[in-house]
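Below is one structure, written out as C-alpha cells, with a few remarks after it.
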Amino acid sequence: MSAKLPLERLRAVVLTQAWSGALTTQLLANMGAEVIQVEALSRPDVWRGGFPPHNRGQYPNEEPGTRPYDRNALFNAVNTSKLGITLDLISEEGKSLFLDLISTSDLLAENYSARVIPNFGLEYPTLRQINPTIIMMRMPSFGASGPYAMYPGNGGTTEPMSGISSLLGYPDGQPMNSGTMHTDAISGMMGFAALLIAIRHRARTGKGQYIDLSQQETATTYITDQILEHTVGGRVPQRMGNRDRRMAPHGFYRCRGEDSWVAIAVRSDSEWERLCEVMGRPELASDVHFATAEDRLQHTEKLDSIVQSWTLNRDSTKTAEVLQAQKIPSSAVMKALEVPENPQHKARGFFETVDHPATGPYSIAGVPFSLSETPGRIHRPAPTLGQHSEAVLKQHLGVSDSEYASLESQGVTGDDPGDD
Amino acid sequence: MTAFSDVRVIDLSTGIAGPFCSKLFADFGADVIKVEPPTGDESRRLGPFPDDEDDPEASGIFQYLNTNKRCVTLDATTPAGRSLLRELIPEAGIVVESYPPEAMRQMGFGYSEIRKLRDDAILVSITPFGQTGPWRDYQATDIVQYAASGIGYVNGTPDQEPLKEPGNQSHFHAGTCAFLGAATALIYRDISGVGQQVDVSTLEAVTAAFAPQLLASQHTGVSQKRRFPGLPSGLLPCKDGYVALNVRHQPTWAHLWLFFEEPEIADDPRFATPEDRRANTAELAELITPRLERFTMQELYHGLSPLRINVGMTLDIEQLVNDEHMIKRGFFVPISQSSQNGKSETQKMPGAPFKMSATPWEIRTYAPSLGQHNSEVFGQMLGHSDQQLDQWRNEDVI
C-alpha cells in the first residue's frame, strides 16, 4: 500500500517560530508530515503578537479579541497543517515530555538564536542518545557555529548582514531593508530543502544527522550573481534601483491612479521596436540613441522619461496586457489586496481558503510547487495556542487524565496562558 | 552513500532557476547530465568574466550553477538530436526543463511521451507563470515577478517608485521550489514507485515569500505600503555605514544606554516602553542617531550583540566576502580548479547553502566544458561508436 502524501509517515517535533523556521516546517506539514509545534504558554511564538494589553498584530477586522494570539495574521499564515502544543521546557516535567516526544519523532527543527538550545540542554548529542536516528536542524540567523553564532539576529539584521540591503535602494540613496523581512522566506524554503535531503538520506541509510543552516548564508546564496560581480568581475556592485546591467528600458513606470505603477523590461532590440510601436512612437525605433541595448543603457534617463510619459495616463493593468500581447515582459505592480485576485492565481487555485476556529475563513498562498500525483495542500488551519496539547500528550505519550490535569495546573502545558 | 548517489537527473533547462535546482541535486550527490545546445547554454555568455574577457568556459554564473555536473551537447531541433534525447531520458529518473509551456510536447517530450520512455519519470517544468492559466504564455523577467507578486510595491520609500529585489532572486526562488517539488516527488516514488509531473510557477515561488503580509493586508483591509527607512526598524547611519538596530525588549533598551554610557536615558519617560518608542520615533531618532554616528559598524555590532541587542551591519559585497564569520565558516569556496591553484585567489563563489553532517555538500568536479562528457555519455553509457559521434559532430547534432 502506498502513502497518499510523500511525507505522511514522518513525525516532526519543532521549536520553529516567527517566519523562517515556521515556513520550513509548514512546507513539511503541507506535504503530509505530522508536525507538532511546541511553544511555551508563557512565551508563545513571537508571531502570535503577544498577550493583552501589549499585543500587537494584524487581526481580522482589526479586532484582537480575548485571545489575540490565536488571531494574528503572521502566525496563522505560516503554521497551517501543524498541531500546536505547549510545554514549559524549563520545567523538569516539560523537558522530560519533550524528550519523550523526540524519542517517537523523526526530526527536530528550530530557529532560535544559537544560545537557546544549549541553555535548554537539547543539543544534538543529547538527543541522539534518546533517538539515534533523529534529524536535527538548527537555523539561527548566523548559523550554529562561527564567531557570530551566539549573536542574536532576526530578519531585519540578517538582510543587511547578507549583502542584500547594500544593493536595495535608489542609485543616489541609502541602503534599505526590504518591506518584507525577505531573507526569512529564503531561509524558510532552503530549510525545507535541507530537511528533504536528510529525510531521503535517512530512508536510504537509516542514519540521522545534524544540520547547521545559517540564514545569512542562504540569503547570500540568492544573490550569487551579485557576489560573482565582485569575486570574478572585480567590481563592488552598487545600488541601482530598478535598473539592469543589460536591459533598457527596465523599471517600474508611473501610471494613472494613486501610487500605480507598471513593470516593463525590454530584453532585445526587437522588443524595443515593438514597444515603440505600442507607444505610438515608431520613429524612436530608428533613433540612433536607442538602437542597441548599449545605446539604450547609455540614455536610460531620457528613455525612462519617454516611457513614463506614455504610461502616466494609462491604467497599469491594461498597459501590461497590451505589452504582453506583443510578447514584451510586463505586469502591473500589484498591491497586496490585488495579488490574490490575479486571474492567474484564480485559474491555478494557488490561494487556498482555510476556516480557522478563532478568525473564520481566510485565504492564503498555497504550496509553491504543484505535484500532479501528490499535491501538497493545507490540511488544517494554524493551531490556536495549545490547541492540541491534551490530544498529543495523551495519545502520543500515554499521559493519563489525572497526570494531564496536574501538568496543566502547574502551567507545564495546556491552552490557557492565564492572566499574566 | 549520499542522499542522491542513486539518482540521475537530465537537465534540459537554461538560465538560473533550472540549473540551480539541478545543482542542489548534484552538490548533494546526484549524477546530473546537463544537456546544452551545441552553441552552449546562454549562461556561458552571461559572465561575469575574469578581466571582463568573454570566455564561454569562464562565465562566473555558469561555473557556479554547474558544479558536479556532466555536460553533453545535443541539438534537440534535429531528428538525430531528439533521437539521442529519447535514448538518454530512460537512463534518468528526473528530467528538469524550462521551455515555454507546450514546447516540450511539440518536440515529442511531453509528460505522457516521457512516461512512455520511463514509466516512473519525474518531470520538473519551470516557467514564469506555470503550465496552465491565462498568463501561462506571458513573458517575464525578474522585475516582472516582483511587480506581480506585490513584493516590489512594499520595497522603497513612499515618495519614490517601488523597488524590485536586487539581483535575480526570483530565479533562485523558482529553482529552490523546483528542487523542493522534485525531491518530494522522489521521496514519494521511493515509497510508491509512482513518478509525477512537477509544475513550478516562478510567480508562485516568489508570491509564497509574501504570504504572511498578504494575509495581514486581508485582515486589516489595507494593502501594506512602503515606509521611510530609519526607526523603528530600518537602517540607521553610523560612522562608516549603516546598521540595523531593533530595540524591542525592555532589558535591551537599558543595555543600549549602558553601551552609550548614558544609563539615565533608559528611564526617560518619553521612551519608557516599546509602545512609547514606536509612538515617538522622530524624537527617538534625534536621540539615537548622533550617538550611533560616533561608532563604526564593527564597533556597534560587536559592542551591542553581546548585550542581546539585535543589530546588523550593512555589508557591501566586498565586506561580505571578507567578513570574518563567513571566512571562519568557510562559506565561500574557489570557483574552479585554476582558481584553487592560485591563478586568482579572489575568484570565489558561495558554497554549501547549509552544513549537513552525514551527507555534506561537496564539490567533486568543477563546472564542465562544453560537450566534455559527450564520449562518456553517448559512447560508454548509450553504446554509440566513436565514428558515429564524429559524424554527429560534423553534422552539428552534438
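Just so you know, all these numbers are worked out from the coordinates, no wet-lab data involved. As the structure is a computational prediction, the values presented were derived from the model and not from experiment. Here the Cβ is made from the backbone with ideal geometry for all residues, glycine too, and neighbour counts use every protein chain on show.
Rounded if a/c is under 1.5, else prolate if a/b beats b/c, else oblate: with a ≥ b ≥ c from the C-alpha gyration tensor eigenvalues square-rooted, which is region A:1-157? Judged from the Cα gyration tensor, region A:1-157 comes out oblate (a/c at least 1.5, b/c at or above a/b). Tell me, what is the FRET efficiency for B:S357 and B:I191 to the nearest 0.05, using R0 = 30 angstrom and their Cβ-Cβ distance as r? Between B:S357 and B:I191 the formula returns 0.75. Distance from the Cα centroid of region A:146-220 to that of region A:23-48 is 18 Å (rounded to whole angstrom). Seen through its C-alpha gyration tensor, with square-root eigenvalues sorted a ≥ b ≥ c, the protein assembly as shown comes out oblate because a/c lies at 1.5 or above while a/b is not bigger than b/c. Take every Cα pair under 8 Å whose residues are at least 6 apart in sequence, average their separation, divide by the length of region A:274-407, and the relative contact order is 11 percent. Over all Cα atoms in chain B, the spread is summed up by Rg and Dmax: 25.7, 87 Å.
How high is the relative contact order of region B:235-318, in percent, counting Cα pairs under 8 Å that sit 6 or more residues apart?
On the way: 96 pairs, mean separation 38.6, N = 84.
The value is 46 percent.
Taking each of B:K23/B:K69; A:K95/A:K207; B:K23/B:K355; A:K207/B:K23; B:K69/B:K116; B:K164/B:K348 in turn, the alpha-carbon distance tops 18 angstrom for A:K95/A:K207; A:K207/B:K23; B:K69/B:K116; B:K164/B:K348. Each of A:V288 and B:A279 was given a label point 7 Å from its Cα along the Cα-to-Cβ line. The distance between the two points is 6.6 nm. Springs between alpha-carbon atoms under 10 Å, Gaussian network over chain A: tell me which of A:I306, A:I135, A:I199 tops the mean-square fluctuations. Greatest mean-square fluctuation among the candidates belongs to A:I306. Among A:L323, A:L107, A:L337, the largest mean-square fluctuation in a Gaussian network model of chain A (Cα springs under 10 Å) belongs to A:L337. Under a model in which nothing but the beta-carbon of Lys, Arg (+1) and Asp, Glu (-1) is charged, chain A shows a dipole of about 1020 debye around its Cα centre.
Computed from Cα atoms, the angle from the helix A:92-103 axis to the main principal axis of chain A rounds to 70 degrees. With a simple spin-label model that places each label point 7 Å from the Cα along the Cα-to-Cβ direction, the separation between B:R270 and A:K207 comes to 6.1 nm.
How much length, in nm to one decimal, is gained on full extension between A:R245 and A:S372, taken as 0.36 nm per residue of separation minus their Cα-Cα distance?
Working: separation 127, 0.36 × 127 = 45.72 nm, distance 3.79 nm.
My answer for the length gained is 41.9 nm.
Sparse packing (at most 13 other Cβ atoms within 10 Å of the Cβ) combined with a DSSP loop state is found for the following GluC sites (Glu not before Pro) in region B:251-338: B:E261, B:E293. Computed from Cα atoms, the angle from the helix B:17-27 axis to the main principal axis of chain B rounds to 80 degrees.
Can you show me the helix-derived [θ] at 222 nm for chain B, built from DSSP H runs with n ≥ 4 at -39,500 (n - 2.57) apiece and divided by the number of residues, rounded to the nearest 500.
Details: 18 runs with 149 residues, N = 398.
Helix-only estimate at 222 nm: -10000 deg cm²/dmol.
With the contact rule set at Cα under 8 Å and sequence spacing of 6 or more, what percent relative contact order holds for chain B? Answer for chain B is 19 percent.
Label 7 Å along Cα→Cβ of A:E403; region A:55-97 residues with amide nitrogen under 11 Å? Only A:97 fall inside the zone, counting backbone N under 11 Å. What residue among A:S103, A:S260, A:S42 has the largest mean-square fluctuation in a Gaussian network model of chain A, using Cα springs under 10 Å? In this elastic network of chain A, the residue with the biggest mean-square fluctuation among A:S103, A:S260, A:S42 is A:S260. Note on region B:235-318: dipole from Cβ charges, positive end direction compared against B:A266, B:I309, B:A282; the farthest Cα belongs to B:I309. For region A:250-335, a crude dipole built from +1 on the beta carbon of Lys and Arg and -1 on the beta carbon of Asp and Glu, taken about the Cα centre, is about 300 debye to the nearest 20. First check a/c for region B:35-192, with a ≥ b ≥ c the square roots of the eigenvalues of its C-alpha gyration tensor; if it is under 1.5, answer rounded, and if not, answer prolate when a/b is larger than b/c or oblate otherwise. Cα axes put region B:35-192 in the oblate bin. The dipole here belongs to chain B: it is taken about the Cα centre, uses +1 on the Cβ of Lys and Arg and -1 on the Cβ of Asp and Glu, and is about 940 debye. Simple rule: put +1 on each Lys or Arg Cβ and -1 on each Asp or Glu Cβ in the protein assembly as shown, find the dipole, and look at A:M161, B:N394, A:V322; the Cα lying farthest toward the positive end is B:N394. For region A:48-97, the list of trypsin sites (Lys or Arg not before Pro) that fall in a loop by DSSP and count at most 15 other C-beta atoms within 10 angstrom reads A:R56.
Among the GluC sites (Glu not before Pro) within region B:70-150, not one is in coil by DSSP while having at most 10 neighbouring Cβ atoms inside 10 Å. One Cα centroid belongs to region B:46-61, the other to region A:317-337; the line between them spans 33 Å. Residue by residue along A:203-216, Cβ atoms of other protein chains within 10 Å of the local Cβ number 5 on average.
Estimated from helices alone, the mean residue ellipticity of chain A at 222 nm is -10500 deg cm²/dmol (sum of -39500 (n - 2.57) over DSSP H runs with n ≥ 4, per residue). Distance between the 7 Å Cα→Cβ label points at B:K328 and A:L312: 5.5 nm. Each residue of region B:249-254 was assigned a 3J(HN,Hα) from its phi angle through the Karplus expression (A = 6.51, B = -1.76, C = 1.60, θ = phi - 60°), giving 8, 4, x, 6, 4, 5 Hz with x at Gly and Pro.
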